[in-house]
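Throughout, read-outs are computed from the coordinates displayed, never taken from laboratory work. Computed from a predicted model, the values in this text were never measured in an experiment. For neighbour counting, all protein chains shown are included, and Cβ atoms are generated from backbone atoms with ideal geometry for every residue, glycine included.
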Amino acid sequence: MPELPDVEGFKRYWARHASGHRVKEVRVSNPAIVRNTSPSALARALKGRRLERPSRHGKWMFAPAGGPILLLHFGMTGGLLWSRDESDRHRHDRLVLVLDGGEIRYRNMRMLGGAWLARDASQVGQITGELGPDAAVVDRPQLEELLADRRGGIKAALMNQGLIAGIGNELSDEILWQARIHPSAQVQGLGRRRLGALHRAMTDAIVESNRHGRIPRLDGWITSQRGVRDPRCPRCSSRLRRATIAGRTAYWCPRCQRH
DNA sequence: TCAGTTGTTTATAT
DNA sequence: AATATAAACAACTG
């Protein structure tokens, strides 16, 4: 689930429930979820601090706490939950910040992703690694520039976080379907016209998804067909193709999407 | 029982 | 030097 729009939703959720509250306790049920420090050091760094407004870059969420910053990556199955008390904690609530008035929980079934602690903003970049510009703010000239000397397939390029941050498997399928571009089309084969369509689709898909705070499964979107028994193109009703492209299961319409 | 899964990193191959 | 591929991580679901 967690791609750019999902993390945008988590950020808003954090802002609504956790921001402005003071950290009373830090609970870590699985120490491995804290990636670059120990649970006790994390607790020491955060306890007593007031949580500020969160921010996001790509699939990363940053939760500043008056100096130190908590970094969250949600992997494939992560999410946040707010609760007034501890009565309904789940076994996959790997990290819980007990605040005044309730608690915010980082839940993650699989252990992909996790929590990192940065001493300050200057340390954030080395934790996230190389990230391209956030996909939500890439304008058309910048997209053309990013892809100008890129070889290989377009789906791989869109999902490369070091090139453009925030697009994952589902969002890349949606963008490419909306732009009518085949997922394995070579970047160098895309003319300016198709790059324009790509940018339009990327922007539209992200703006609409961000409104929902997640990638929606809208009737007119190809993501609505993911996982169904007989997936069909919402535009032309052709049977969708499904195959591994750039290491992930891609869905596309063989009639609408061309190389 | 077994394949498949929204992400990233690592190793290996091209 | 880039790009591609596969495996690994963990814990589920169908």
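Looking only at segment A:185-213, count how many residues are assigned to a loop (DSSP other than H, G, I, E, B), crowded, with 18+ Cβ neighbours inside 10 Å and within 16 Å of DNA strand B (Cβ to nearest atom).
Residues meeting the conditions: 0.
State whether the residues of segment A:45-65 include one that is surrounded by fewer than 19 Cβ atoms within 10 Å (Cβ to Cβ) and within 14 Å of DNA strand C (Cβ to nearest atom).
Among the residues of segment A:45-65, not one is surrounded by fewer than 19 Cβ atoms within 10 Å (Cβ to Cβ) and within 14 Å of DNA strand C (Cβ to nearest atom), which makes the answer no.
Is it true that some residue in segment A:97-117 is more than 29 Å from A:Glu208 (Cβ to Cβ) and in a helix (DSSP H, G or I)?
No.
Just give me the residues in segment A:4-44 being under 27 Å from A:Leu171 (Cα atoms) and either hydrophobic (A, V, I, L, M, F, W, C) or in a strand (DSSP E or B) (or both), in sequence order.
A:Leu4, A:Val7, A:Phe10, A:Trp14, A:Ala15, A:Ile33
Would you check which residues across segment A:45-86 are touching a Gly at 6+ places or on another chain (Cβ under 7 Å), more than 12 Å from DNA strand B (Cβ to nearest atom) and part of a strand (DSSP E or B) and list them?
Residues satisfying the conditions are A:Arg50, A:Trp82, A:Ser83.
Mind listing whichever residues of segment A:135-156 are part of a helix (DSSP H, G or I) and within 13 Å of DNA strand B (Cβ to nearest atom)?
A:Ala135, A:Lys155, A:Ala156
Looking at (1) farther than 24 Å from A:Ala135 by Cβ; (2) touching a strand residue (DSSP E or B) at 6+ places or on another chain (Cβ under 9 Å), find the lone condition where A:Ser87 falls short.
(2)
Free of Cβ contacts under 8 Å to residues at least 40 places away in the same chain and farther than 19 Å from A:His92 by Cα - does that describe any residue in segment A:51-63?
Looking through segment A:51-63, at least one residue is free of Cβ contacts under 8 Å to residues at least 40 places away in the same chain and farther than 19 Å from A:His92 by Cα.
Just the residues that are more than 27 Å from A:Pro141 (Cα to Cα) and surrounded by 18 or more Cβ atoms within 10 Å (Cβ to Cβ), please, taken from segment A:214-231.
Once the filter is applied, which keeps residues that are more than 27 Å from A:Pro141 (Cα to Cα) and surrounded by 18 or more Cβ atoms within 10 Å (Cβ to Cβ), segment A:214-231 yields A:Thr223, A:Gln225, A:Arg226, A:Pro231.
Being touching a strand residue (DSSP E or B) at 6+ places or on another chain (Cβ under 9 Å) and of a type in the set (Val, Ile, Thr), is that true of even one residue in segment A:162-170?
Yes, that holds for at least one residue.
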